[in-house]
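A.B. asks: I am attaching a structure below and will ask some questions about it afterwards.
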Amino acid sequence: MKIDDNLLNQICKNARLKLTESENNEFKIQLNEIMDMFNLICEVDTNKINPIYHPIDLNYELREDIANENKVGFFIGPKIK
Amino acid sequence: MKEVIQEIENINNSFNYLVETIPIDENYDGDFITISIKDAILIKNSQARSSSKILNNYFPVNDSKVIKNTKDYFKNKNIKPIFIGKTIHDEFGFGGYNVNVGIDKKIPKNPYDDKRSCGGSSGGCAGFTAKTKFRHISIAESTGGSISTPASFCGVYGLTPTYGLISRDGLISYANSLDKIGIMAKDILDIAVGLEMIDGYDLNDCTNVKHENKNYVDLLNDDTKYKNNTIKIGLINLDENNQINNNVKDKIDQLKNNLDKSNIKVEIETVDISFINKYSLPVYYILSLSEASTNLSKLCGLRYGVQNIPTNLNYNDYFIKIRSENFSKETKRRIILGTFARMASYRDAYMNKAMRVRKLIIDKYLEIFNNFDFLIGPSTPTIAPLIDEIKNISPYEEMLADTYCCCPNLAGLPHISIPSGKDNNMPTGMMIISNHFTEDKLLWLSNKIK
């Protein structure tokens, strides 16, 4: 996978960035060198592995799902402190 | 306190460790401990720029949780915490050498050789801790090695706790599944004090694991748990001759002698972590940059920091202008890579794939920790490089600075870098890694290395 001019333009559009011409030329070479490192993971067999979003198991503490409805039909929730 | 104030000014004029000083009451004459704070961590009434230009003039309205915990910790003690300033680091944490500071910021200099790097990203924390003659704790942060690398380069202790132990509330995020607030200090006692002071469960941080605070200071010298057991140590990151480097070897010999004096047995053997070493760096960068590019999307001149009054620009063009003019090159590069890795057409091949490989890496570590108590190796592959040399290397080569440190960071494992002598008159560090939530054990072992 290589990053060419078209792809770089699309990425910058998504990222709300505008590169100068010299940044564009400089970045293409640098980014593709880094991409060679990224592509290493393609060789790993992850067939039966689920993705993880955190390195440890997290048990989320949740408050009770209650809210008070006020007169005009809106729910009032607790203020974020 | 006048001496403290003068020292801060002198150090900063020569080494550029602080982006901002915090006013100190010069009439206070009781016991104190000075505390510096990485710029990405919020303290009320001080700018929080994450060493960037785009966040100039952003003043937080609240303290971060670690600052609140610190203030509470010292309330009933006979020693006062003196917050002295916000330390410089690579912009948003993006770097291993602390040379990627914001466009309008100065690069900090190594305390042992002012032509060399402090290491990053928490270079200011490490440099100031090494240089000050007063008792000092620095509150730092690590995503992929930003505590261990500068601690090693500057000759100080640097602890990165387990992911999820310390609240991230009030930390300007680099990568939410990787960021960990930690401590730097000149000795292991102050590392233990530092960990106690920042610790404290936080309901507001859904990634903070519920736990009871431990008395890390008291546990430093408590041998009871280990007396009738054998401590098993695995050696990692050997040199090209498959040998542990001499500085690390000397420290391990010290450790063996001290454990022997306490009648504690130790077994040491080498451990193969080639899979972990090979794939940690690409996985770390794919995931951290994907998360970072999302986090930085909120910096667009609308709510935080630098703002212009647009007269003829639509919102999109305004956001593009603010971001393009105020992010450094390194930040732009990383945003581009992160945006790419999570784009619809490429997400499966990169971001999602990396999350699966991360699972494999963590499983390998957990398997190792079924048989070993600790892993030990050098913190970094080299000593601090010359700043001029870093300017000539490619961004990819700069990423290689994280080769050793990114591995335990990716797995969320606690690890500490301790000073391990010198090489060419520059400090070196030895890294000790232990299993999740075993900081007491990690500090206990580190205390045995003297």
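The values are calculated or read from the model by the stated rules, or taken from the named source; none is laboratory data. Quantities reported herein were computed from a predicted structural model and do not represent experimental measurements. Glycine gets a Cβ as well: all are built from the backbone with ideal geometry, and neighbour counts include every protein chain shown. What goes into the accessible areas is simple: the full protein's heavy atoms, side chains included, and nothing from ligands, DNA or RNA. Shrake-Rupley method; radii C 1.70, N 1.55, O 1.52, S 1.80 Å.
A.B. asks: For the protein assembly as shown, what does the accessible surface come to per residue with a 1.4 Å probe? Please give it in Å².
C.D. replies: Here the per-residue accessible area is 44 Å².
A.B. asks: Mean residue ellipticity at 222 nm from the helices of chain B, using -39,500 (n - 2.57) per DSSP H segment of n ≥ 4 over the full residue count, to the nearest 500 deg cm²/dmol?
C.D. replies: Values: 15 runs with 158 residues, N = 450.
-10500 deg cm²/dmol, from helical runs alone.
A.B. asks: Would you mind getting me the FRET efficiency between residue B:210 and residue B:243? Use the beta-carbon distance for r and R0 = 60 Å, nearest 0.05.
C.D. replies: E between residue B:210 and residue B:243, to the nearest 0.05, is 0.90.
A.B. asks: Buried by at least 50 Å² relative to the chain on its own: which residues of the range B:141-187 qualify, computing accessible area with a 1.4 Å probe on protein heavy atoms?
C.D. replies: Buried on complex formation: B:163.
A.B. asks: Using protein chains only (no ligands, no nucleic acids) and a 1.4 Å probe, work out which residues of the range B:316-330 have their accessible area cut by at least 20 Å² relative to the chain alone.
C.D. replies: B:316, B:320, B:323, B:324, B:329
A.B. asks: Roughly how many percent of the accessible protein surface of chain B is carbon and sulfur, given a 1.4 Å probe and a whole-percent answer?
C.D. replies: Carbon and sulfur together cover 44 percent of it.
A.B. asks: Using the Cα atoms as the points, what is the convex hull volume per residue of chain B in Å³?
C.D. replies: On the way: hull volume 66.9 nm³, N = 450.
Measuring per residue, one finds 149 Å³ for the Cα hull of chain B.
A.B. asks: Quick one: which of B:44/B:133; A:71/B:44; A:2/B:53; B:109/B:256; B:80/B:249 span more than 29 angstrom between C-alpha atoms?
C.D. replies: Distance filter (> 29 Å) returns A:71/B:44; A:2/B:53; B:109/B:256; B:80/B:249.
A.B. asks: Below 8 Å between Cα atoms, with a sequence gap of 6+, how large is the relative contact order for chain B in percent?
C.D. replies: With pairs under 8 Å counted, the relative contact order is 19 percent.
A.B. asks: Could you compute the net charge surrounding residue B:65? Neighbours are other residues with a C-beta less than 9 Å from the C-beta of residue B:65; K and R count +1, D and E count -1.
C.D. replies: Working: positive: B:68, B:168; negative: B:63, B:169, B:202, B:205.
Charge balance near residue B:65 sits at -2.
A.B. asks: So what does residue B:339 come to for accessible area, using a 1.4 Å probe and Å² rounded to 10?
C.D. replies: 10 Å²
A.B. asks: Right, here's the next one. Quote the charge dipole size of chain B about the Cα centre in Debye, to the nearest 20; the model charges only the Cβ of Lys and Arg (+1) and of Asp and Glu (-1).
C.D. replies: 760 debye
A.B. asks: Just check the range B:1-46 against the gyration tensor rule for me: Cα atoms, a ≥ b ≥ c as the square roots of the eigenvalues, rounded for a/c under 1.5, and otherwise prolate or oblate depending on whether a/b exceeds b/c.
C.D. replies: Here the range B:1-46 falls in the oblate category.
A.B. asks: What is the diffusion coefficient of the range B:273-365 in µm²/s, taking the Kirkwood radius over Cα pairs and the Stokes-Einstein relation at 20 °C with a viscosity of 1.002 mPa s?
C.D. replies: Rounded, D is 143 µm²/s.
A.B. asks: Next up: Could you sort A:61, A:69 by their accessible area in this structure, using a 1.4 Å probe and putting the largest first?
C.D. replies: Putting A:61, A:69 in descending order of accessible area: A:69, A:61.
A.B. asks: Need one number: buried accessible surface between chains B and A, 1.4 Å probe, both sides summed, DNA, RNA and ligands left out, in Å² to 100.
C.D. replies: Protein heavy atoms only, the B-A interface buries about 4500 Å².
A.B. asks: Let me ask something else. Remind me, relative contact order of chain A in percent, using alpha carbon pairs under 8 angstrom and six or more residues apart?
C.D. replies: 22 percent
A.B. asks: Compare B:49, B:303 by solvent-accessible area with a 1.4 Å probe and give them largest first, with all protein chains kept in place.
C.D. replies: Result, largest first: B:303, B:49.
A.B. asks: Sorting B:136, B:436 by accessible area (1.4 Å probe), largest first, what list results?
C.D. replies: On the way: B:136 0, B:436 35 Å².
Solvent-accessible surface, decreasing: B:436, B:136.
A.B. asks: What fraction, in whole percent, of alpha-carbon pairs in the protein assembly as shown exceed 28 Å separation?
C.D. replies: Within the protein assembly as shown, distances greater than 28 Å cover 54 percent of Cα pairs.
A.B. asks: Still on this structure: Under the rule a/c < 1.5 gives rounded, and otherwise a/b versus b/c splits prolate from oblate, where does chain A land using the Cα gyration tensor?
C.D. replies: Numbers: a/c = 4.09, a/b = 1.77, b/c = 2.32.
In terms of gyration-tensor shape, oblate.
A.B. asks: About the Cα centre of the protein assembly as shown, how large is the charge dipole given +1 on each Lys and Arg Cβ and -1 on each Asp and Glu Cβ? Please answer in debye to the nearest 20. Could the numbers behind the result be given before it?
C.D. replies: Working: 64 positive and 67 negative charges, 181 e Å.
I would put it at about 860 debye.
A.B. asks: List the residues of the range B:390-411 that lose 50 Å² or more of accessible area once all protein chains are present, compared with their chain alone (1.4 Å probe, heavy atoms only, no ligands or nucleic acids).
C.D. replies: B:396
A.B. asks: Separate question: Heavy atoms of the protein only, probe of 1.4 Å, neighbouring chains included. What is the accessible area of residue B:28 in Å², nearest 10?
C.D. replies: Around 50 Å² of this residue is reachable by solvent.
A.B. asks: Does anyone have the angle between helix A:21-38 and the longest principal axis of chain A? Alpha-carbon axes, 0 to 90°, nearest 10?
C.D. replies: Roughly 80 degrees, rounded to the nearest 10.
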